2 protein chains.
Amino acid sequence: MTRPVLIAGAWRAAAAAGTFQAENPATREKLADEYPISSWADCEAALTAAASAAKVLRQASGSQLAEFLEVFAAGIESRAAELVEMAHTESALPVSPRLKDVELPRTTGQLRQAAKAARDGSWRHAILDTGAGIRACYAALGPVCVFGPNNFPFAFNSIAGGDFAAAIAAGNPVIAKANSSHPGTTRLLAEQALLAEQEARMPSGTVQLIYRTSHADGEKLVADPRVGATGYTGSRSAGLKLKAAADAAGKPIYLELSSINPVVILPGAIAERGDKIAEEFTGSCLMGTGQFCTNPGLVLLLAGDKTSSFVEKLVQQFNAAAVGTLLSASVAKNLGEAVGKLKSSGAQELTAGKGEGRGYCHANTLLQVQGEKFLADPELWQTEAFGNASLIVVAKNAAQAAQIVDSLEGNLTGCIYSDTSGSDDNLYDQLAPLLRFKVGRLLNDKMPTGVAVSPAMNHGGPYPATGHPGFTAVGIPAAMLRFAMLHCYDNVRPERLPDILQDKNPTGKTWRNINGQWTQGDLS
Amino acid sequence: MTRPVLIAGAWRAAAAAGTFQAENPATREKLADEYPISSWADCEAALTAAASAAKVLRQASGSQLAEFLEVFAAGIESRAAELVEMAHTESALPVSPRLKDVELPRTTGQLRQAAKAARDGSWRHAILDTGAGIRACYAALGPVCVFGPNNFPFAFNSIAGGDFAAAIAAGNPVIAKANSSHPGTTRLLAEQALLAEQEARMPSGTVQLIYRTSHADGEKLVADPRVGATGYTGSRSAGLKLKAAADAAGKPIYLELSSINPVVILPGAIAERGDKIAEEFTGSCLMGTGQFCTNPGLVLLLAGDKTSSFVEKLVQQFNAAAVGTLLSASVAKNLGEAVGKLKSSGAQELTAGKGEGRGYCHANTLLQVQGEKFLADPELWQTEAFGNASLIVVAKNAAQAAQIVDSLEGNLTGCIYSDTSGSDDNLYDQLAPLLRFKVGRLLNDKMPTGVAVSPAMNHGGPYPATGHPGFTAVGIPAAMLRFAMLHCYDNVRPERLPDILQDKNPTGKTWRNINGQWTQGDLS
């Protein structure tokens, strides 16, 4: 019994070209449920349904979109135990606190923040220029394809996570492509999404779910004329293929690809509070078995005695820490290959763990390379080792540290730890301006894991961390702008303007820019 | 004597792979000046200089950027007579009112609006979230390549026009690639830009000028790691090649490619004020010999007696109007080919002009096709005929008109004329929602030419009119967002934050979003 797909408001048998089963990564055993690998016919049907829904959703009120999102959030909570159990089985992520107490509440919180933004309308950035007789705002774009990653079965899930919430709140239907490592979790979420679609009287076709396609069909999907845009979170290689297809068709695609998230720890900080920082680093690097987009994969230190003892402390902690389970066979394989590549290129392995277990796993690993070697081939040394591994780079002096920072690729985050008495300030001032332009989020004295859902968050950054340096994947309302187009109205008669651009403020609370002034008032 | 290029703060002999001369399109005679076709060495030098300038400009204050822009604007005015004369010689555009009274003041006005935006800082969209300890704003991106079009020697000039002003005001150096049809105008503008660079103590390398490169070098340029983004206005074919190169390298590129700007004139409007509308249309279509991005190249009418007389009136006006000079041999050639293609595909030629003259020209041309024929091959019938020609499409009824609108490609603009007594309202309500999602700017009762430099303007639209539906090429400050990246600061110590994100409002006037409220105040 192959599970059906969700298209046009109903579960229906897939036009399947094959099937697949997920695994329990903690036992390496296949799970019973069979899921379809859809042929193009399913994509075609999903596109038709989504395009039809888009015509209705474009006109939907923010309140209706909000109602859907809120009903959906409540529906997820009503099935929390079952969802957590399924996600735990499919991902081996801990039930508590991770799935139950952190990720599921984060997910429903995102949906509710998106609901609030949809209802409020300020995200549409309405601009009224009465002198020129022109008004403008952001508006829905059309069906959004969402490809979710393996590492957040709830919060980045293609049918319940951040991209989904942002796309819907901006007034777009979604075609969700499940991540193959957690189809069951995605199915349960989709069931609740469908119930919410019905309860909030959304057009059928607002939410679609397909589990897997061929790569060729995925590329055809994101390039289809009916698509508005695509949100993708996952590996660089698969993401860049989708990007090429979407780019060639002139379709926006937002990608969150890979990031090694450099952490620079300056000598004064090590002298002042090395033990505390070591603990923070180990915690951040091994949490979730290191499987975060913002996992600190590269640590830049300056050579010195205290640095050596600091590294020894890290090594002790890595050796002592429990080895977590990885999300899948392919995560384990890729991590092994990346670590192997760095080692065979001359990185010194500092840790001594073996990382053998019943489930997929890899020893907690710290590698080390000298700055000179790093600079001889910066691209090689920035190979992402996704998981519980990190590379320590030791610069011989400030100038070399600056060169290393300047040689970094685009990243989601970059951190600098410095002391509080000022001895690191000179170094900070040399390195921070260089690091600033390599990363979307610059941190001080704090590890990069933990991505607050804040309006000021940038979970984005320069290529190749993402596909565009001006957008964030996390943070409401900013993340919604990815799924919007700019609508200008020139001399359009007042009664024909959308509510948000009429003289009267539609909610009495929506922020609009009227003749250069931001206001919640009416145009008077 | 081949003219030098402007690189790193000085005019220097080009590393030329050849030379070219512009023509006077009114006489078809080559102009005396020889301009270089740069080899890659010039691009390389320009990139190095711009990358070096970018590191300084990133830290420049808004006031300094503003000073540069204002000195430059004044410098252009001080040489207005010479600039107008040169632009007239190179483009055959009329001296007055076009070049002297409209386009040059528009250009200096844009530079001053950009200066105001740079000084004010509100464009950076600062967001302070004190609860999460996170702050964010837009910031400079890096060197911007600007490729200007042939049809606006001042206002879209690569070293003085809208893209240039937006890029500089956002804190980026510019590598300008002159349009080959007006190198002399561009040279004069660049001379003033260099003087302004020196007077405002901007880093040398803030402005660079190259006249022409091979296509391959152009593609290499926009994909170079040192580039922040590219702004391009021009033909679809050349633009899409640059887009492919930039996309593959993960570099943002903003393109304004082509647009036929559909104008729908409903029956009630024709009955009510057909004569007035006919005059408006003829004026809009033939102004500047039709060489505007927003030229109305497709008119959709509904069949009927009054429509026939309306069309007859247009034909009389087109036949009676003077034939303007086209910008270049290639514009004339492309226009002739496009009109020929439409005619040989079965469009009826309504006008009778010959369009022969000393300069490059083409008869004022109206073609007509029935709705059914249009729908049999919508792509063919949307062939852009850039210049003084337009295609009338006659739909047999409302349903067919809706199908035609729904078959349109992305455009910069779309207009609907309707009567004031309400008889067209039903038709409007059928067509407007379809047209809305095909265009960046929707107009009522107004022709699309005339693009106000307003904060609410959208001179953009869905692909293939542009490369991204969320951005505008005209309108300060919105156009600046194309050349910015999102910078987030997480837990960064207060004194290390950029001015715009500190508790105190840096100007006392900058609009910032503090904990969800837009304010010009300090964080208290």
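The values are calculated or read from the model by the stated rules, or taken from the named source; none is laboratory data. Keep in mind the model is a prediction, meaning the values are calculated, not measured. Virtual Cβ from ideal backbone geometry, glycine too; neighbours counted across all protein chains shown. Side chains are part of the model used for accessible areas, which takes the heavy atoms of the whole protein and leaves out ligands, DNA and RNA. Shrake-Rupley method; radii C 1.70, N 1.55, O 1.52, S 1.80 Å.
Can we say B:Ala478 is over 24 Å from B:Ser284 (Cα atoms) and more than 7 Å from every other protein chain (Cβ to nearest Cβ)?
When the stated conditions are applied, B:Ala478 passes them.
Return yes or no: is B:Thr186 within 23 Å of B:Ala92 (Cβ to Cβ), open to solvent by less than 40 Å² (accessible area, probe 1.4 Å) and either away from every other protein chain (no Cβ under 14 Å) or at pLDDT 95 or above (or both)?
yes
Residue check: is B:Glu34 within 28 Å of B:Arg201 (Cα to Cα) and either surrounded by 18 or more Cβ atoms within 10 Å (Cβ to Cβ) or touching a residue at least 24 places away in the same chain (Cβ under 8 Å) (or both)?
Taking the combined requirement at face value, the residue does not satisfy it.
Filter segment B:402-447 for residues that are among the acidic types (Asp, Glu) and more than 17 Å from B:Ile270 (Cβ to Cβ); which is surrounded by the most Cβ atoms within 10 Å (Cβ to Cβ)?
B:Glu409
Among the residues in segment A:389-404, are any at pLDDT 95 or above, at the interface with chain B (Cβ under 7 Å from one of its Cβ atoms), more than 30 Å from A:Gly161 (Cα to Cα) and assigned to a loop (DSSP other than H, G, I, E, B)?
No, segment A:389-404 contains no residue that is at pLDDT 95 or above, at the interface with chain B (Cβ under 7 Å from one of its Cβ atoms), more than 30 Å from A:Gly161 (Cα to Cα) and assigned to a loop (DSSP other than H, G, I, E, B).
Hey, can you tell me all the residues within segment A:435-449 that are at the interface with chain B (Cβ under 9 Å from one of its Cβ atoms) and out of contact with any Leu (no Cβ under 8 Å at 6 or more places or on another chain)?
A:Phe437, A:Leu443, A:Asn444, A:Asp445, A:Lys446
May I ask you to list the residues in segment B:15-38 that are touching a Ser or Thr at 6+ places or on another chain (Cβ under 8 Å) and in a loop (DSSP other than H, G, I, E, B)?
B:Ala15, B:Ala22, B:Pro25, B:Ala26, B:Leu31
Taking segment B:481-523 on its own, how many of its residues are open to solvent by 30 Å² or more (accessible area, probe 1.4 Å) and part of a helix (DSSP H, G or I)?
So the count comes out to 5.
May I ask you to say which residue of A:Tyr463, A:Tyr428 is outside any loop (DSSP other than H, G, I, E, B) and either modelled with pLDDT of 95 or more or farther than 29 Å from A:Trp123 by Cα (or both)?
After ruling out the rest, the residue left standing is A:Tyr428.
For segment A:427-442, enumerate the residues that are over 19 Å from A:Gln382 (Cβ atoms) and touching a residue at least 12 places away in the same chain (Cβ under 8 Å).
A:Leu427, A:Tyr428, A:Gln430, A:Ala432
For a quick check of your reading of the model, give me the residue pairs whose first member lies in segment A:273-288 and is closer than 17 Å to A:Leu99 by Cα, whose second is part of a helix (DSSP H, G or I), with beta-carbon atoms closer than 7 Å and at least 6 apart or on different chains.
A:Gly288/A:Arg98
Out of (1) under 22 Å from B:Trp40 (Cα atoms); (2) out of contact with any strand residue (DSSP E or B) (no Cβ under 7 Å at 6 or more places or on another chain), the odd one out for B:Val146 is which?
Here B:Val146 meets the rest and fails (2).
Could you look through segment B:189-204, keep only residues that are of a type in the set (A, V, I, L, M, F, W, C) and out of contact with any helix residue (DSSP H, G or I) (no Cβ under 8 Å at 6 or more places or on another chain), and pick out the one that is most open to solvent (accessible area, probe 1.4 Å)?
B:Leu194
Does at least one position in segment B:108-120 carry a residue that is farther than 30 Å from B:Glu29 by Cβ and touching a Cys at 6+ places or on another chain (Cβ under 6 Å)?
no
Does B:Leu497 fit the bill of being more than 9 Å from every other protein chain (Cβ to nearest Cβ) and over 29 Å from A:Pro494 (Cβ atoms)?
So B:Leu497 fits the description; yes.
What number goes with the only condition from (1) away from chain A (no Cβ under 13 Å); (2) touching a Phe, Trp or Tyr at 6+ places or on another chain (Cβ under 8 Å); (3) closer than 30 Å to B:Val323 by Cα; (4) outside any helix (DSSP H, G or I) that B:Ile270 does not pass?
B:Ile270 satisfies every listed condition except (4).
Restricting to segment A:465-475, give me the number of residues that are open to solvent by less than 20 Å² (accessible area, probe 1.4 Å) and either at the interface with chain B (Cβ under 7 Å from one of its Cβ atoms) or among the β-branched types (Val, Ile, Thr) (or both).
6
When only residues in segment B:310-331 that are among the hydrophobic types (A, V, I, L, M, F, W, C) and more than 29 Å from the chain's Cα centre (by Cα) count, which is nearest to B:Phe152 (Cα to Cα)?
B:Ala320
Evaluate the following for A:Pro462: is it open to solvent by 40 Å² or more (accessible area, probe 1.4 Å), of a type outside the set (S, T, N, Q) and at the interface with chain B (Cβ under 9 Å from one of its Cβ atoms)?
Answer is no for this residue.
Wholly within segment A:75-174, which helices (runs of 4 or more DSSP H) include no fewer than the required count, namely at least 3 residues that are within 12 Å of chain B (Cβ to nearest Cβ), under 19 Å from A:Val474 (Cα atoms) and open to solvent by 10 Å² or more (accessible area, probe 1.4 Å)?
Here the list reads A:104-120.
Any chance you could count how many residues in segment A:503-521 are more than 15 Å from A:Asp120 (Cα to Cα) and away from chain B (no Cβ under 11 Å)?
Here the count works out to 1.
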